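Peer 1: Supplied in structure tokens, the structure appears directly below.
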Amino acid sequence: MKPVLVLGIFLLLLAAPACAVSPEGEAAQAARQAIVVALDPDRHLLSGESTFVFASPAPAKLVLALNPRSAIVSVKMGGKEIPHAFSGGMLTISLPSTGNGADRLVIAYRCVFDDRLPESTVTAEGSFSEGTASISPRGVFLGTDAGWYPVPAGTPRKRTVTVSAPAGIEAVTAGRRAARRTEQGQNVSVWEEEHPVERLSLSAGHYLVEERMAGGVALYTYFSPGNSHMASRYLAAAEKYLRYYSELLGPYPYEKFAVVENFFPTGYGFPSYTLLGSTIIRLPFIIDTSLPHEIAHCWWGNGVFVDFRQGNWSEGLVTYLADHLLEAAKSSREGVGYRSRLLTDYASLVPPEKDFPLRDFTARSDPSSRAIGYGKGAMVFQMVRKLIGDDPFFRALRSVYRERLYRTASWDDFTRAFSREAGSDLSAFMAQWLNRPGGPRLSLTGVRREFADGTWRVTGTIRQSQPFYDLRVPLRLTTARGDRDETIRSNGGETSFALLSPEEPSRLTLDPDVDLFRILSPSELPATVNRVKGSRTLVAVVTRDCRADSETLRLLLESLNQRNAPVVREEEVGTSSAGRDLLVCGNPASDGLLPPAPSSVSYSVGGFTVEGESFAESGDALFLVTAFPDDPDRVAALFLPRSADAAARSIPKITHYGRYGYLVFREGENRKKGVVLPETGPGIVNFRRGGS
């Protein structure tokens, strides 16, 4: 099992496995584990009791993982205290040789969980501690690596969890909710797992619970009173996406799905539930972006587990099947736009020193690793689908899901399934994308067109930079009467081509539908927020018109992964900023500091206009990114809040719109967003009418 994160806060909560050793030296699997915990939020305290029943014969020695701050109250078998030792988070128990498999091993313990938690979503990606675990009056979060219960190496065949907390506090963990009651001032819930996951998480808070059944699956929302009005929308969306993925991939693998509100900003996905921070739940796009992403993880990552020895394939696959596929379902244009943004992210956020092979990706820790594991991973699945066809592609996914459900799967398992459906060995094709960093760099050179005998003939060369890839490169001739597509195989430095058309072509485009993963050149990159996040030379410039205070600017830079960027006043800008990227707060006094704005955006001291709409109210703010015409490698961002309050309200949101080039906020809510795409590049040739 693995948790997953969204919105700039995705982390894998992994820890080294504990050991449970049988007489033969193999991991002993308990027939049953019953976990009973009582939560005391005022004292940050968990009091627990874990009962194991082993199949006969019982192991001679058992080693369990437990939070090292725990205090062991007792360890008993058959009602009698037995020898044990606890050190460094490992509880070692010597079981009596006279015992049998039916004897109950009962471990009682206590532990205080009071980790310091993040306060806002402004922090950059990867800034959360993997050990985050807290019990407090605000809420309870105990992650899969918190050690809040004794963890054996072998996952028990059956497991129940009973949680009690003060009345008004509801708890959620994996499995089916078998009981829920209030007794003696305590809320009690009982959870049963038909297929126990490797490690459990636990969440609790002052929730109002809504529920419904959908196709035999229990759906829940656990929301605070302030967000409970959104419960019906989330339940309806969860039902829709569960049905969609069940039809596409196979039956939903768990007993329930719950959307749970967290008291600090997260976007975690666990088997059978997702944990979203209060502010994240309220974001308008979450219900149709992050929610289906987390639901898809119930199939991939939390249903079929990841064999991390070969890298984490699940983030790329879920990005492809959720974020990408739902965009592509709207229209082919939206699908092309999404894939284009993935390539833009990679080129903007992955400098050579941070690049690594996709097979080495395990978890997202910063924007670079996300662009590799999520973006490049998704593009690999797109390339496989285009290579073998839609039906074989989805048959292969369904076969991996069917064969590896509740077990680990690797990239090799997917390669074998794709090869089987394709009827040919795809090992070499997959290896070039999994084992190398980076990707191909492509351009069109020497392109000419000629008209003879009633036919237009377009010739030229596809050029690859080393190292070479074995590619099927799509080319498109655009004419007044439609497009003509052809695919050219390219596996070396230069590949010649000749295309014929009865109509006069006006344009030749390489990979027009963005079906190939490749490294875009600077001239192909739109200016976006992500290019600011990926900058290695950024300087922040404060003008006299800047209406954000120094603390707000610091938070803005931190959210953009630029906490170390120098901050200077406009009058101090000189040769030190030459060749560097800029982030300018307020209207600059110097006309030459920023590149020209796109035609859809204009600004002045009195306000700004975007897409023909004027904004001049105190709650308005503009964030605009542009490229320098004479140096497409460089970008400049303009942050133009109309007041200090507008600045403070907008900065937590800007980082979440990384793929856009301009953003407009009013009272902290996004009103407009867009990107200006380059019209030229090494993969586009525009012909002059009647010319060559």
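Peer 1: Being within 30 Å of the chain's Cα centre (by Cα) and either among the polar types (S, T, N, Q) or assigned by TED's automatic domain parsing to the domain that holds TYR469 (or both) narrows it down to one residue among THR509, THR552; which is it?
Peer 2: Values: THR509 fails: within 30 Å of the chain's Cα centre (by Cα).
The match here is THR552.
Peer 1: Looking at LEU510, LEU538, LEU520, which one is in contact with a Leu (Cβ under 8 Å, 6 or more places away or on another chain), buried (at least 17 other Cβ atoms within 10 Å of the Cβ), under 23 Å from GLY316 (Cα atoms) and not hydroxyl-bearing (Ser, Thr, Tyr)?
Peer 2: On the way: LEU510 fails: under 23 Å from GLY316 (Cα atoms); LEU538 fails: under 23 Å from GLY316 (Cα atoms).
It is LEU520.
Peer 1: Could you please find all residues in the range 309-342 being under 12 Å from the mean Cα position of the chain (by Cα) and aliphatic (A, V, I, L, M)?
Peer 2: Residues satisfying the conditions are LEU317, VAL318, ALA322.
Peer 1: Considering every residue within the range 156-168, establish whether at least one is out of contact with any Leu (no Cβ under 9 Å at 6 or more places or on another chain) and among the hydroxyl-bearing types (Ser, Thr, Tyr). Outline the logic, then answer.
Peer 2: Step one: list which residues in the range 156-168 are out of contact with any Leu (no Cβ under 9 Å at 6 or more places or on another chain), which gives 156-158, 160, 162, 167-168.
Among the residues that remain, those that are also among the hydroxyl-bearing types (Ser, Thr, Tyr) are: 160, 162.
Yes, that holds for at least one residue.
Peer 1: So in the range 369-398, with the set limited to residues that are crowded, with 24+ Cβ neighbours inside 10 Å and charged (D, E, K, R), which one is farthest from the chain's Cα centre (by Cα)?
Peer 2: LYS376
Peer 1: Take the conditions within 23 Å of THR362 (Cβ to Cβ) and surrounded by fewer than 22 Cβ atoms within 10 Å (Cβ to Cβ) and apply them to ASP288. Does it pass? I'd like the intermediate steps shown before the answer.
Peer 2: Values: within 23 Å of THR362 (Cβ to Cβ): no; surrounded by fewer than 22 Cβ atoms within 10 Å (Cβ to Cβ): yes.
When the stated conditions are applied, ASP288 does not pass them.
Peer 1: Filter the range 111-126 for residues that are modelled with pLDDT of 95 or more and surrounded by 17 or more Cβ atoms within 10 Å (Cβ to Cβ); which is farthest from ARG32 (Cα to Cα)? Can you show your working first?
Peer 2: To start, the set of residues in the range 111-126 that are modelled with pLDDT of 95 or more comprises 111-113.
Going one step further and asking which of them are surrounded by 17 or more Cβ atoms within 10 Å (Cβ to Cβ), we end up with 111, 113.
Details: CYS111: 23, PHE113: 26 Å.
Checking each candidate, the answer is PHE113.
Peer 1: Looking only at residues that are of a type outside the set (D, E, K, R) and exposed (fewer than 15 other Cβ atoms within 10 Å of the Cβ) in the range 213-247, which one is nearest to ASP390 (Cα to Cα)? Please lay out each step first, then the result.
Peer 2: Taking the range 213-247 and keeping what is of a type outside the set (D, E, K, R), we get 213-232, 234-238, 241-242, 244-246.
Restricting the remaining residues to those that are exposed (fewer than 15 other Cβ atoms within 10 Å of the Cβ) gives 213, 215-216, 225-226, 229, 232, 236.
Working: MET213: 32, GLY215: 27, GLY216: 29, PRO225: 44, GLY226: 44, HIS229: 40, SER232: 34, ALA236: 28 Å.
This residue is GLY215.
Peer 1: What are the pairs, 6+ residues apart or on separate chains, where a residue within the range 403-423 that is in contact (Cβ under 8 Å) with a residue 60 or more places away in the chain and surrounded by fewer than 19 Cβ atoms within 10 Å (Cβ to Cβ) has its Cβ under 9 Å from a residue that is among the hydroxyl-bearing types (Ser, Thr, Tyr) and assigned to a helix (DSSP H, G or I)?
Peer 2: These pairs meet every condition: ASP412/SER427.
Peer 1: Which of the residues belonging to the range 600-617 are over 15 Å from GLY661 (Cα atoms) and assigned to a loop (DSSP other than H, G, I, E, B)?
Peer 2: Correct list: VAL605, GLY606, GLY612, ALA616, GLU617.
Peer 1: May I pose another question? Quick one: in the range 353-368, of everything that is in contact (Cβ under 8 Å) with a residue 24 or more places away in the chain and assigned to a helix (DSSP H, G or I), which residue is surrounded by the fewest Cβ atoms within 10 Å (Cβ to Cβ)? Let's see the steps before the verdict.
Peer 2: Step one: filter the range 353-368 for residues in contact (Cβ under 8 Å) with a residue 24 or more places away in the chain, giving 355-368.
Now narrow it down to the ones that are assigned to a helix (DSSP H, G or I): 358-360, 367-368.
Working: LEU358: 24, ARG359: 19, ASP360: 15, PRO367: 24, SER368: 24.
By that ranking, first place goes to ASP360.
Peer 1: Being assigned to a loop (DSSP other than H, G, I, E, B) and of a type outside the set (Asp, Glu) is the requirement here; does SER590 meet it? Spell out the reasoning first.
Peer 2: On the way: assigned to a loop (DSSP other than H, G, I, E, B): yes; of a type outside the set (Asp, Glu): yes.
Yes; evaluated as a whole, the condition is true for this residue.
Peer 1: Further, regarding this structure: ASP645 is checked against (1) in contact with a Lys or Arg (Cβ under 6 Å, 6 or more places away or on another chain); (2) surrounded by fewer than 24 Cβ atoms within 10 Å (Cβ to Cβ) and fails just one. What number does that condition carry?
Peer 2: Checking ASP645 against (1) in contact with a Lys or Arg (Cβ under 6 Å, 6 or more places away or on another chain); (2) surrounded by fewer than 24 Cβ atoms within 10 Å (Cβ to Cβ), the one that fails is (1).
Peer 1: Take the range 265-308 and flag every residue that is part of a loop (DSSP other than H, G, I, E, B), over 13 Å from the mean Cα position of the chain (by Cα) and not small (Gly, Ala, Ser).
Peer 2: First, pick out the residues of the range 265-308 that are part of a loop (DSSP other than H, G, I, E, B): 265-266, 271-272, 283-285, 289, 298-299, 301-303, 307.
Now restrict to residues that are over 13 Å from the mean Cα position of the chain (by Cα): 265, 271-272, 283-285, 298-299, 302-303, 307.
Answer for the range 265-308, where residues must be part of a loop (DSSP other than H, G, I, E, B), over 13 Å from the mean Cα position of the chain (by Cα) and not small (Gly, Ala, Ser): PRO265, PRO271, LEU283, PRO284, PHE285, CYS298, TRP299, ASN302, ASP307.
Peer 1: What residue, among those in the range 48-59 that are in contact with a Leu (Cβ under 9 Å, 6 or more places away or on another chain) and modelled with pLDDT under 85, is surrounded by the fewest Cβ atoms within 10 Å (Cβ to Cβ)?
Peer 2: Looking at residues that are in contact with a Leu (Cβ under 9 Å, 6 or more places away or on another chain) and modelled with pLDDT under 85, I get ALA58.
Peer 1: Here is a further query. Taking the range 361-398, which residues are out of contact with any Ser or Thr (no Cβ under 6 Å at 6 or more places or on another chain), among the aliphatic types (A, V, I, L, M) and modelled with pLDDT of 95 or more?
Peer 2: ALA371, ILE372, MET379, VAL380, MET383, VAL384, LEU387, ILE388, ALA396, LEU397
Peer 1: Moving to a separate point now. For LEU45, are the conditions met, namely being assigned by TED's automatic domain parsing to the domain that holds VAL140, buried (at least 19 other Cβ atoms within 10 Å of the Cβ) and at negative phi?
Peer 2: Details: assigned by TED's automatic domain parsing to the domain that holds VAL140: yes; buried (at least 19 other Cβ atoms within 10 Å of the Cβ): no; at negative phi: yes.
The answer is no for LEU45.
Peer 1: Restricted to the range 127-145, and to residues that are assigned to a loop (DSSP other than H, G, I, E, B) and at pLDDT 75 or above, which residue is nearest to ASN561 (Cα to Cα)?
Peer 2: Taking the range 127-145 and keeping what is assigned to a loop (DSSP other than H, G, I, E, B), we get 127-132, 137-138, 143-145.
Pick out the ones that are also at pLDDT 75 or above and you get 132, 137-138, 143-145.
Values: THR132: 21, PRO137: 32, ARG138: 28, GLY143: 25, THR144: 27, ASP145: 26 Å.
Applying the filter and picking the extreme gives THR132.
Peer 1: Which is under 23 Å from PRO352 (Cβ atoms) and assigned by TED's automatic domain parsing to the domain that holds LEU663, of LEU622, LEU538?
Peer 2: LEU538
Peer 1: Then there is this: Looking at the range 632-669, which of its residues are under 17 Å from SER559 (Cα atoms), among the polar types (S, T, N, Q) and touching a residue at least 40 places away in the same chain (Cβ under 8 Å)?
Peer 2: THR655
Peer 1: Given the conditions (1) of a type outside the set (Gly, Ala, Ser); (2) within 26 Å of MET379 (Cβ to Cβ); (3) out of contact with any strand residue (DSSP E or B) (no Cβ under 8 Å at 6 or more places or on another chain); (4) free of Cβ contacts under 8 Å to residues at least 60 places away in the same chain, which single one is not true for PRO474?
Peer 2: (3)
The values are calculated or read from the model by the stated rules, or taken from the named source; none is laboratory data. Computed from a predicted structure; not experimentally measured. Here Cβ is always computed from backbone atoms with ideal geometry, including for glycine, and neighbour counts include all displayed protein chains.
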